[in-house]
1. What is the distance in Å between the Cα centres of region 114-177 and region 205-233?
2. Find out how many positive minus negative residues lie around GLY149, taking Lys and Arg as positive, Asp and Glu as negative, among other residues whose Cβ is under 14 Å from that of GLY149.
3. Counting Lys and Arg as +1 and Asp and Glu as -1, what is the net charge of the other residues whose Cβ lies under 15 Å from the Cβ of GLY66?
4. What's the local net charge at ASP214, with K and R +1, D and E -1, over the other residues with C-beta under 14 Å away?
5. Under a plain spin-label model, where a point goes 7 Å from the Cα along Cα-to-Cβ, how far apart in nm are THR60 and ASP87?
6. May I ask you to derive the relative contact order of the chain, considering only C-alpha pairs under 8 Å and at least 6 residues apart, and to give it as an integer percent?
7. Could you list, bin by bin from short to long, the percent of Cα-Cα pairs of region 112-178 in 5 Å steps?
8. Multiplying the sequence separation of THR203 and ASP20 by 0.36 nm and subtracting their Cα-Cα distance, what value in nm do you get?
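No value in this document is a laboratory result; all are computed from the given coordinates. Please read all numbers here as calculations on a predicted model, not as lab measurements. Every residue, glycine among them, receives a Cβ derived from its backbone with ideal geometry; neighbour counts consider all protein chains shown.
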Amino acid sequence: MKHLLKMLDLSQQEIFDILDLADKLKYQTKHGIPHPILEGKTLGMIFQKASTRTRVSFETGMHQLGGYPLFLSANDLQIGRGEPVQDTARVLSRYLDGIMIRTFAQQEVEDLASYGSIPVINGLTDFCHPCQVLADLLTIREYKDTFDGLKMCYIGDGNNMANSLIVGGLKAGMAVSVACPDDYRPDAQVMDFAAGYDCFSITSSPLEAAADADVLITDVWSSMGMEAEIEKRKIAFKGYQINDEIMAAAHADAMVMHCLPAHREEEITAKVFEAHAAEIFDEAENRLHAQKAVMVKLMSDENAG
């Protein structure tokens, strides 16, 4: 493991190794046990998309690991003024020990990794969101103890979250069902991957997908950059909501997660959100611990590679 670019690149064992390390780091954090594993290391954080959780969790995590997080706005970089990403990658590799980038195009992340000589972490692209899904898997394992025999159901847009959840859920050993409108299905590359699993299903019926689910997950109908499509998407996604009817179709002890921010009464009702706030905000917290594990795996002298 040299980079974290997308869930498709990770093996099941690599996923489990990250989750196991995240458990250890979370325990140390909660008990005030110092763990300056990345002392003297610097992480450059490139933001071409704004963020709350990504920036705060990476900055805090790097600080707790003894390293230095360097915020790099696209407005402050030559990459935002036309410098090829290849050149930015080679320059930053001379200064930094790792790069986290939150951007639009997946190819930009892939190019950073290809042309640079330091680890690259995908903080989000339009194609995938591996850091969030590692945090999701960490949360599921905390609540359910195992992935074996579980069914994870995603309802909503076949976006970057759907892409990563499908891959991560299947690789972890869960059955995965997805409900989304026919015109908003996940990426073809992900669908090709999922076709190799008998325990994967996709439908346009949220009730069908939610039947006997142990984990229910959703996301906003209109992600960042889709503001012009909001009204069109409100029509397309009407009914793709986690509500009392969906909860009744799932197992009685089903957990609910949301990567946030949530639009109550659109993709999830306020009632269901508040009833499952413990899971949702544990999930948000686990961004910190999962990402710390990724940084240690990639950037520490002991674990890198």
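1. For region 114-177 versus region 205-233, the Cα centre distance is 16 Å.
2. On the way: positive: ARG141, LYS144, LYS151; negative: ASP145, ASP148, ASP212, ASP214, ASP253.
Summing Lys and Arg as +1 and Asp and Glu as -1 gives -2.
3. Details: positive: LYS41, LYS292; negative: GLU39, GLU59, ASP97, ASP301, GLU302.
Result for the neighbourhood of GLY66: -3.
4. Numbers: positive: ARG141, LYS144, LYS151; negative: ASP136, GLU142, ASP145, ASP148, ASP212, ASP253, GLU279.
The answer is -4.
5. According to this spin-label approximation, the distance is 3.8 nm.
6. Relative contact order of the chain: 21 percent.
7. Bins of 5 Å from zero give 3, 17, 24, 23, 15, 9, 6, 4, 0 percent of pairs.
8. Details: separation 183, 0.36 × 183 = 65.88 nm, distance 3.32 nm.
Stretched fully, the THR203-ASP20 segment lengthens by 62.6 nm.
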